[in-house]
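**Q** One structure is given below, represented as structure tokens, and several questions about it will come after.
The values are calculated or read from the model by the stated rules, or taken from the named source; none is laboratory data. No experiment lies behind these values; they were computed from the predicted model shown. Reconstructed Cβ throughout: ideal geometry from the backbone, glycine too, with neighbour counts over all protein chains shown. Heavy atoms of the whole protein, side chains included, go into the accessibility calculation; ligands, DNA and RNA do not. Shrake-Rupley method; radii C 1.70, N 1.55, O 1.52, S 1.80 Å.
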Amino acid sequence: MTLTDQQIQNELLFQKAQEITKELLEKELITSEIAQRIEQENRQTFPPLLGSLIP
């Protein structure tokens, strides 16, 4: 499977966005419901190849 530059960039951006969301959740600055909504938005904006950090 050959990845395009855009796919690689999307994956990196998605993973970084998930890291930030996870940090906000751990610091209790957002709720798990908000984290899930953010993840859904991130999946649409940066279609990931690997998945998510938030269960």
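**Q** Looking only at region 1-23, how many residues end up being without any contact (Cβ under 8 Å) to a residue 40 or more places away in the chain and open to solvent by 60 Å² or more (accessible area, probe 1.4 Å)? Spell out the reasoning first.
**A** Of all residues in region 1-23, those without any contact (Cβ under 8 Å) to a residue 40 or more places away in the chain come to 1-2, 4-6, 8-23.
Next cut, open to solvent by 60 Å² or more (accessible area, probe 1.4 Å) only: 1-2, 4-6, 8-9, 12-13, 16, 19-20, 22-23.
The total comes to 14.
**Q** Still on this model: Among the residues of region 1-54, write down those that are of a type in the set (G, A, S) and either modelled with pLDDT under 95 or out of contact with any helix residue (DSSP H, G or I) (no Cβ under 9 Å at 6 or more places or on another chain) (or both). Spell out the reasoning first.
**A** So the first thing to find is which residues in region 1-54 are of a type in the set (G, A, S), and the list is 17, 32, 35, 51-52.
Once the filter is applied, which keeps residues that are of a type in the set (G, A, S) and either modelled with pLDDT under 95 or out of contact with any helix residue (DSSP H, G or I) (no Cβ under 9 Å at 6 or more places or on another chain) (or both), region 1-54 yields A17, G51, S52.
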